[in-house]
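The values are calculated or read from the model by the stated rules, or taken from the named source; none is laboratory data. All of these numbers come straight from a predicted model, not from anything done at the bench. Note that each Cβ is placed from the backbone with ideal geometry, even for glycine, and that neighbours are counted across all protein chains shown. Side chains are part of the model used for accessible areas, which takes the heavy atoms of the whole protein and leaves out ligands, DNA and RNA. Shrake-Rupley method; radii C 1.70, N 1.55, O 1.52, S 1.80 Å.
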Amino acid sequence: MSSLKLTLKVWRQPSRDEAGQFHTYHLEDVSTEMSFLEMLDVLNENLIAQDEEPVAFDHDCREGICGMCSLMINGQAHGPDNETTTCQLHMRHFRDGDTIVIEPWRAKAFPVIRDLVVDRSALDRVIAAGGYVSVNCGSAPDANAVLVPKTDADKAMDAAACIGCGACVAACKNASAMLFVGAKVSQMALLPQGKPERASRVLNMVARMDEEGFGNCTNTAECEAACPAGISLSNIARLNREYLKAALTAAN
Amino acid sequence: MSVVEETRLDAKIPGGPIEDKWEKHQFEMKLVAPNNKRKFDVIVVGTGLAGAAAAASLAELGYNVTNLCIQDSPRRAHSIAAQGGINAAKNYPNDGDSVMRLFYDTVKGGDYRSREANVYRLAHVSNLIIDQCVAQGVPFAREYGGLLANRTFGGAQVSRTFYARGQTGQQLLLGAYGSLMRQVEHGKVKLFPRREMLDVVVVDGVARGVVARNLMTGEFETYCGHAVLLCTGGYGNAYYLSTNAKGSNVTAAWRAYKRGAYFANPCFTQIHPTCIPVSGDYQSKLTLMSESLRNDGRVWVPKSADDKRPATEIPDEDRDYYLERRYPAFGNMVPRDVASRAAKERCDAGYGVGETGMAVFLDFKDAIARDGEDVIHQKYGNLFHMYKKITDEDPYHVPMRIYPAVHYTMGGLWVDYNLESTLPGLFVLGEANFSDHGANRLGASALMQGLADGYFVAPYTIANHLAGRQLPRVTTHHPAFQESLVDSRNRLERIRNVNGERSVDSIHRELGHIMWNDCGMSRTAQGLNDAIDKITALREEFWQNVKVLGKGEALNQNLEHAGRVADFLEFGELLARDALERQESCGGHFREEHQTAENEAMRDDENFCHVAAWEYQGTDSPATRHTEPLTFETVKLTQRSYK
Amino acid sequence: MTSLIRALSSSIGKKLLMSVTGLALCGFLVVHLSGNLLLYVGAAEYDAYAHALHAQKILLPIAETGLFLLFILHIALGLITAGENRAAREVKYDTQRSKVIDPSSKGAPNLASKLMVPTGLIVLMFLLIHLGHFKLGIISPGDDASEAAKAGRILSEGFTQVVYLIGTLVLGIHLFHGFQSAFQTMGLNHPKYTPLIKTFGFIFAVCIGLGFASFPAMGYLGRFKETETQTTENRAETPTSITQRK
């Protein structure tokens, strides 16, 4: 275990409507065993000791599954490691003397609430537009009544692994949410349970995605590279396919 | 120091044979006519498996639902972190499972401290859960033929666990979240994320609403309804370090307790033996690894406390495989609590490994030599990967370091068979209640209980309350709402105005140390009494010396944390008192005074075959201990043994 | 029908239209390059081709109109989406760094993909100059004996060589991402075929880019001085070419 001396350039913004700016902090004795968020905990403890308000950042499970943590770390969503959330990023990925720039996710659809905390409810509204199977509780047939080929179930699971953190939007130069939407549309399109609402789902979710102000997909694959859950770009192709099919075959 | 009252709590268990109780009860309960359902407003707090499932199901039935959650999205509730799977008595593998067997295993696993009728119902509805989740598009693991796959879990003798890779909790939660968002789109659920419930509002003795703080703006808000459902999870973070999410807290349950809901069995906490150990003082949480690792890993520490050689250089003759030595029959496979206690004992005796000395080795050297690295990779590849990511050590070549951590809390608000607390109109679901796991929860049963409560129990039992009670029209202008709002606001203001020297986190950490050392996996009367004194002193220090910066009328995470720690500081004492009063060892509660010659837990069925439910008596008086006797008509009381 | 219009004006719809128009334009590029390459076969062959093309009194205007619409649609959608994309991130990052480890293995030629708007605009400028040269005759007009002579003369100018070299190479970069990206946008992604499409797209971009770039390069090397004089000598034999154009 060794320790690092770091310079942190952190975005501070008191509220949604107030202007923000970078503040520079110096931190010593950062253990390489720490997670990135634990490093921020230490920073906050120092700030409190100096009567400065701690930096606000979103986090919850700290084991990489809830999708609540975010952060653009040196220009990379969730930092330099691959298939990793910020909470699972460890300080051993940094070198002594490094300067680390920490910014919030930036997108019109993700307004900053405070410091590094952004509002990602746009993603919830996209799901509300159709990212589910409309089955009321209590009326389901026996779980084994419908067979699902293992390969389809596996592919659906690959897509369903999305943790909804918004890194795809953050990393995309156009702040596009296509990987997020593609993952949910793919999961449902691959499973027989999702078939009845297949067309309306994709049309409604894409319409909502556009309303929320996300950008267009340019197939740069930055989303895939930033995704902590390893969601593949093929899900975006499937989304496009599903959309084209639904648009061409819609009744009106 | 405590007043023990033998008031008998009425659990309202329906009569008749255990197999028929639930159906009989469903028939006997009152119904709300379809057209009348839209006249009722229900408040659901929390969006985990229990909360999201209940909110969605109630909205589907036609009720108007208000749903609050503390995270920025309902999809982030901590149910999402459950890895292993969900049990159901489907008996798809044809290996002899049944509702009766699942029921039996759960009661026995809970060390005979759960309520038979509730557990039977849980096993009974378990199959419906799987049907519902599959219909929602949950991508459960499948066999090549397209049928659902099952696996064994936590030492069960049948394969009854359904799973979605190592992310079952995530997939089940996202299924419930989808159903919830569908109702949000339909306008039947009004969703309020980033809201922290700070009080239950009681009007004429019935829970009629909640006070919440909008975490984005700091504003206090009131919500009014005909019933309140608390689905706010467990209190593992009283220990500071646990496998719970950072935001998990006891506040909602604790406020309900202070408004008249009894708190049951708070001392029943589950400690999981195979977690990644603490690496330093900055540690913020602990990460669990599936206990299946112990199927192939061998647990050891050096024979000499002074042996500082790297693990790989310590020859077999200098290693103490202490579980195999003490429990020759079960070896490394002893139950969670036994393995956890043994690890703590070795570390306390100075044999611990790693930089902190608070870890033991879990070694796969022999398994790799026997089966090859490929086989081990197939079985545990994802866990090894996770371990390496966190510790930067490769478990294929050096032994893992593990240590136990608080993982789940079986205790919670007391509820009757209808999941209603002692505060009428207040229902408690999921980990927040106490009902189904007794003194110890079996693997893959937490997900089952959360969804059972949310999808299949509360939607029925709530009708009995709505149709059966006089519920006069109440709005948020009622004085009770304003009173609760002012209380909650004043409390946070008081915390902000302390202007002391100590950070919230440092106080929480100290509380965690006390809880872990004295109310952890091994407890003594002496330790518990000490803990109570220390917690009381720490609580006083908090109110005199805590330092919270920033405004109340803004996003202020430090203030949020302070409010939760203030409640943990009160709750921790109750946990210790409950542990002190329960003079027996059972499940996750181990009292050193009550053990067999072989260091095994010794239950006292004569004096403690009951639920302890605590009633709040004001800040200055100790809580009153009520009991609900447990009767075992179907499953015979037996002592467990691992010899 | 309303739903179709709505669908085509959505984010995916616009990108779909861009893909289709882009691929159609790729087809045009192949035809155009094939014709141009005749310049290497011989001035006479080139002139004969130009002659035959311009003889199409009905088809040529239709094709040119179609081509014009394809360009307009592709460019307009490009600009519209670029505007939307800018608006989707109002506050820019202080620092932004790619996480795509190996662009070729990750499929999308990452850098090219991020430069579609600038490369598109450069290609557009080049296109306008090119039209000014060959279609409208407003840039460096001349009294050439033949189409080949005209081409030879224009390609021998230093200004042309620089602009055309930049324009055609940037076109190659634009295609490098654009070609394979169009398939992804149309939903054609398959573990077996996508690598083939990508490889083909790469070869296509290189061939088109270098193919077109060869003309200004050869112009610089003096290859078309000959053509110019050659065709001047042959002028008497093919007197129609210029008059027809006028």
Selection from the range A:159-172 of residues facing chain C (nearest Cβ under 10 Å) and either over 23 Å from A:Asp81 (Cβ atoms) or in contact with a helix residue (DSSP H, G or I) (Cβ under 6 Å, 6 or more places away or on another chain) (or both) yields A:Ala167, A:Ala171, A:Cys172
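Has the range A:130-141 got at least one residue that is out of contact with any strand residue (DSSP E or B) (no Cβ under 8 Å at 6 or more places or on another chain), modelled with pLDDT of 95 or more, within 26 Å of A:His78 (Cβ to Cβ) and within 13 Å of chain B (Cβ to nearest Cβ)?
Yes, the conditions are met somewhere in the range A:130-141.
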Within the range A:233-252, residues within 8 Å of chain C (Cβ to nearest Cβ) and within 21 Å of the chain's Cα centre (by Cα) come out as A:Leu233, A:Ser234, A:Ile236, A:Ala237, A:Arg238, A:Leu239, A:Asn240
In the range B:522-543, the residues that are open to solvent by 20 Å² or more (accessible area, probe 1.4 Å) and without any contact (Cβ under 8 Å) to a residue 60 or more places away in the chain: B:Gln526, B:Asn529, B:Asp530, B:Asp533, B:Lys534, B:Thr536, B:Ala537, B:Arg539, B:Glu540, B:Glu541, B:Trp543
Of all residues making up the range C:1-27, the number that are surrounded by fewer than 14 Cβ atoms within 10 Å (Cβ to Cβ) and away from chain A (no Cβ under 14 Å): 1
Residue pairs qualifying under the 6 Å Cβ cut-off, at least six apart or on distinct chains, with the first in the range A:193-219 being on the phi > 0 side of the Ramachandran plot and the second being among the basic types (Lys, Arg), are A:Gly213/A:Lys108
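What tally of residues in the range A:125-143 results from selecting those that are closer than 12 Å to A:Gln193 by Cα and more than 29 Å from the chain's Cα centre (by Cα)?
Total satisfying the criteria: 3.
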Residue check, C:Arg89 against (1) buried (at least 17 other Cβ atoms within 10 Å of the Cβ); (2) farther than 21 Å from C:Ala205 by Cβ; (3) more than 11 Å from every other protein chain (Cβ to nearest Cβ), all met but one. Which one? (3)
Can you name the residue in the range B:358-403 that is in a loop (DSSP other than H, G, I, E, B) and open to solvent by 10 Å² or more (accessible area, probe 1.4 Å) and, of all such residues, is farthest from A:His93 (Cα to Cα)? B:Gly372
Across the range A:47-66, what is the number of residues that are out of contact with any Lys or Arg (no Cβ under 8 Å at 6 or more places or on another chain) and free of Cβ contacts under 8 Å to residues at least 24 places away in the same chain? 7
In the range B:175-194, the residues that are open to solvent by 30 Å² or more (accessible area, probe 1.4 Å) and in a strand (DSSP E or B): B:Lys190, B:Leu191, B:Phe192
Check every one of the helices (runs of 4 or more DSSP H) wholly within the range A:65-177 and list those with 3 or more residues that are surrounded by fewer than 24 Cβ atoms within 10 Å (Cβ to Cβ). A:121-128, A:150-160
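Criterion first (more than 26 Å from C:Ala205 (Cβ to Cβ) and touching a His at 6+ places or on another chain (Cβ under 8 Å)) does C:Leu25 satisfy it?
No.
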What number of residues within the range A:204-232 are at the interface with chain C (Cβ under 9 Å from one of its Cβ atoms), buried (at least 24 other Cβ atoms within 10 Å of the Cβ) and part of a loop (DSSP other than H, G, I, E, B)? 8
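Determine which member of the set C:Ile101, C:Ile80 is touching a residue at least 40 places away in the same chain (Cβ under 8 Å), open to solvent by 60 Å² or more (accessible area, probe 1.4 Å) and within 30 Å of A:Ala170 (Cβ to Cβ). Don't jump to the end; show me each part of the working.
Values: C:Ile101 fails: touching a residue at least 40 places away in the same chain (Cβ under 8 Å).
One residue alone meets the criteria, C:Ile80.
Conditions tested, residue by residue: (1) of a type in the set (S, T, N, Q); (2) open to solvent by 10 Å² or more (accessible area, probe 1.4 Å); (3) within 13 Å of chain A (Cβ to nearest Cβ).
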{"position": "B:Asn64", "(1), (2), (3)": "yes, yes, no"}
{"position": "B:Gln83", "(1), (2), (3)": "yes, yes, yes"}
{"position": "B:Asp95", "(1), (2), (3)": "no, yes, no"}
{"position": "B:Arg115", "(1), (2), (3)": "no, no, no"}
{"position": "B:Ala135", "(1), (2), (3)": "no, yes, yes"}
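Return yes when B:Thr152 is within 17 Å of B:Ala52 (Cβ to Cβ) and more than 7 Å from every other protein chain (Cβ to nearest Cβ) and no when it is not. Give the steps one after another, and end with the answer.
Numbers: within 17 Å of B:Ala52 (Cβ to Cβ): no; more than 7 Å from every other protein chain (Cβ to nearest Cβ): yes.
It is false that B:Thr152 is within 17 Å of B:Ala52 (Cβ to Cβ) and more than 7 Å from every other protein chain (Cβ to nearest Cβ).
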Restricting attention to the range C:23-40, does a residue exist that is of a type outside the set (Phe, Trp, Tyr), over 21 Å from C:Ala213 (Cβ atoms) and under 22 Å from the mean Cα position of the chain (by Cα)? yes
Would you say B:Glu317 is open to solvent by 30 Å² or more (accessible area, probe 1.4 Å), in contact with a helix residue (DSSP H, G or I) (Cβ under 7 Å, 6 or more places away or on another chain) and assigned to a helix (DSSP H, G or I)? no
If you scan the range B:252-286, which residues turn out to be among the hydrophobic types (A, V, I, L, M, F, W, C), within 30 Å of B:Thr391 (Cβ to Cβ) and away from chain A (no Cβ under 14 Å)? B:Ile271
If you go through the range A:73-84 one residue at a time, do you hit one that is polar (S, T, N, Q), within 14 Å of chain C (Cβ to nearest Cβ) and in contact with a His (Cβ under 7 Å, 6 or more places away or on another chain)? yes
C:Val30 is checked against (1) buried (at least 16 other Cβ atoms within 10 Å of the Cβ); (2) at pLDDT 95 or above; (3) more than 9 Å from chain A (Cβ to nearest Cβ) and fails just one. What number does that condition carry? (1)
Can you name every residue in the range B:104-159 that is touching a helix residue (DSSP H, G or I) at 6+ places or on another chain (Cβ under 7 Å), assigned to a loop (DSSP other than H, G, I, E, B) and of a type in the set (D, E, K, R)? B:Glu143
Is it fair to say B:Arg255 is among the basic types (Lys, Arg) and open to solvent by 10 Å² or more (accessible area, probe 1.4 Å)? yes
Based on what the data block shows, is B:Thr312 among the hydroxyl-bearing types (Ser, Thr, Tyr) and under 30 Å from B:His508 (Cβ atoms)? no
Taking the range B:145-164 and the residues there that are on the phi < 0 side of the Ramachandran plot and open to solvent by 40 Å² or more (accessible area, probe 1.4 Å), the one that is modelled with the lowest pLDDT would be B:Phe153
Expected single match for among the β-branched types (Val, Ile, Thr), part of a loop (DSSP other than H, G, I, E, B) and either more than 7 Å from every other protein chain (Cβ to nearest Cβ) or open to solvent by less than 20 Å² (accessible area, probe 1.4 Å) (or both) among A:Val55, A:Val10 is A:Val55
Considering only the range A:59-72, state which residues are away from chain C (no Cβ under 14 Å) and over 15 Å from A:Glu38 (Cβ atoms). A:Ile65, A:Cys66, A:Gly67, A:Met68
